[in-house]
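Report on the structure given below.
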Amino acid sequence: MIEFRSVSKQFPDGTKAVQGFDLTVPSHSTTVFVGSSGCGKTTLLRMVNRMVEPSAGQILIDGEDVAKTDAVQLRRRIGYVMQNSGLLPHRSVLDNITTVLRLNKTPKAEARERGLALMDTVGLDRALAKRYPSQLSGGQQQRVGVARGLAVEPNILLMDEPFGAVDPIVRTELQQELLRLQRDLGKTVVFVTHDIDEAFLLGDQIVILKKGGVIAQQGSPEEILANPADDFVADFVGANRGKRALSLKQVDGRTIVIDADGKAAGVLHEGAA
Amino acid sequence: MNLFAEAFAWLTSEELANSSLPLGEAFGQHLYFSFVTVLIAALIAVPAGYLIGHTGKGREIAVGITGAARALPSFGLILLLVLVLGVTRSELGAFIAFVLLAIPSILAGAYAGVEAVDRRTVDAARAVGMTEWQILVKVEAPLGLPLLVGGLRSAVLQVVATVTLAGYVNLGGLGYYIIQGVPLGRFDQILGGAVLVIALALVLDGLFGLLARVVEPQGLASRTQRRRADPATAETTASA
């Protein structure tokens, strides 16, 4: 469980990224921070592993104030996956995955075994182990990034727009992989994105942020769609337009779902889901 | 006979072989001065450059100092230091002057190398739990090595050229022949000495050129492109 207690962050240049932010992130589920750029979502994420220190307030992991922990040790037990993978360009795929294991003095052979097993977990061919990041596709690099994040078997996985820089097809593939992984592993995932569709797909809990880290609404995707807190949220999730504003139409005795553009989106199965 | 032919004749002459400073010894002295100078300069400039590059602090001061040091007239500096320290300590004076000349290139190579590392890579290294020291040693130093070697390379060239002046303060080296030749009006000897310095500089530059290739970290874009051009690896990439 991660708790944000009236957390604020003002950067040295005077920008107030976050003000009085309160939130509890439940364990073993995915919480998505979603908002447009400048809403402080990345700042909030980076406070969890102390890559950013809050100006005021506390962040607690399972009741322990992170400010009282050693930052380096803290980071080594939290998985971190970022946009553009952040891999070390001069190290092979396997070395990148096992970086933190080796920092923690895991014997080389054991680290190697774990690294190769993790490649299987994230769907990477073991034959790629000796390649360098620049020899991989963007999607493969992100998989390596996820494998590295999982290497120390962290309880918490922080993901900062991890699929933001890959093409839509690969992104869909990676999102499905993450859902599958999360079903198996049940980590406490904090995921940052500006893409509401991605948030709805991946999140058990969605936190919609306005500028300055103000929570516009939080809840499950269903709750937010059913009852948007205000016009900002309704507009942001697109509840009144496009493929989310669905209506029903009877055709030949079956109920067809029609989207806002009047296109048929699917067939309604009563009682399903 | 033209001057070049005379210079080469001098290089192979009995006179050089029986000179008060044999050629081998002059080479030895020249290399000794150059090597020790670059070593001392590197011991000072590399840690300083890494500190500046890693912290991003003191960059303006470093740029200022290196710019000023580059503008120092080496000949004047050697004479001044030898006069100030006294002729009995002329070796020390010469070393100080040479080191001061070598520092700017090495310092610039060290901090530019660290600075050139993608900040996102450094951020990622920190985020997975590397200490600042580990970031420097495992990420910034290896990735910045080609630029550091470039700095060392230009420092070596500059020092090899400048060590010629050691001859002027009676410390020998290949400059001895040039400086001895001037009052004698022996242009073949002056040119012959100069050719030796040039040859030494070219050989050392070539060695550093090779070193620069060796230290280029694997996996960087330029190497990858070379590999991609190779059809055999291109095929395995496609099947992977």
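The values are calculated or read from the model by the stated rules, or taken from the named source; none is laboratory data. Source: prediction; values computed, not measured. Methodologically, a virtual Cβ is constructed for each residue, glycine included, from the backbone with ideal geometry; neighbour enumeration extends over all protein chains shown.
Results, tabulated for the structure shown:
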| read-out | value |
| --- | --- |
| Candidate set: region A:52-89, residues that are crowded, with 22+ Cβ neighbours inside 10 Å, part of a loop (DSSP other than H, G, I, E, B) and facing chain B (nearest Cβ under 9 Å); chosen: the one farthest from the chain's Cα centre (by Cα) | A:Leu88 |
| A:Gln140 out of contact with any Lys or Arg (no Cβ under 8 Å at 6 or more places or on another chain), closer than 23 Å to A:Asn49 by Cβ and modelled with pLDDT under 95 | no |
| Only one of B:Leu196, B:Leu202 that is free of Cβ contacts under 8 Å to residues at least 60 places away in the same chain, assigned to a helix (DSSP H, G or I) and under 20 Å from the mean Cα position of the chain (by Cα) | B:Leu202 |
| Total residues in region A:125-151, condition farther than 17 Å from B:Thr121 by Cα, over 20 Å from the mean Cα position of the chain (by Cα) and of a type outside the set (S, T, N, Q) | 7 |
| Among residues of region A:90-99, those that are crowded, with 24+ Cβ neighbours inside 10 Å and more than 9 Å from chain B (Cβ to nearest Cβ), counted | 4 |
| Test: residue in region B:132-142 that is outside any helix (DSSP H, G or I) and either within 14 Å of chain A (Cβ to nearest Cβ) or of a type in the set (Phe, Trp, Tyr) (or both) | no |
| Residues that are at the interface with chain B (Cβ under 10 Å from one of its Cβ atoms) and either under 21 Å from A:Leu178 (Cβ atoms) or free of Cβ contacts under 8 Å to residues at least 12 places away in the same chain (or both), drawn from region A:100-125 | A:Val100, A:Arg102, A:Leu124, A:Asp125 |
| From A:Gln175, A:Gln182, residue being over 21 Å from A:Gly38 (Cβ atoms), in contact (Cβ under 8 Å) with a residue 60 or more places away in the chain and not in a strand (DSSP E or B) | A:Gln182 |
| Within region B:14-31, considering residues that are among the small types (Gly, Ala, Ser) and within 29 Å of B:Leu207 (Cα to Cα), the one surrounded by the most Cβ atoms within 10 Å (Cβ to Cβ) | B:Ala26 |
| Yes/no for A:Glu110 being outside any helix (DSSP H, G or I) and of a type in the set (Asp, Glu) | no |
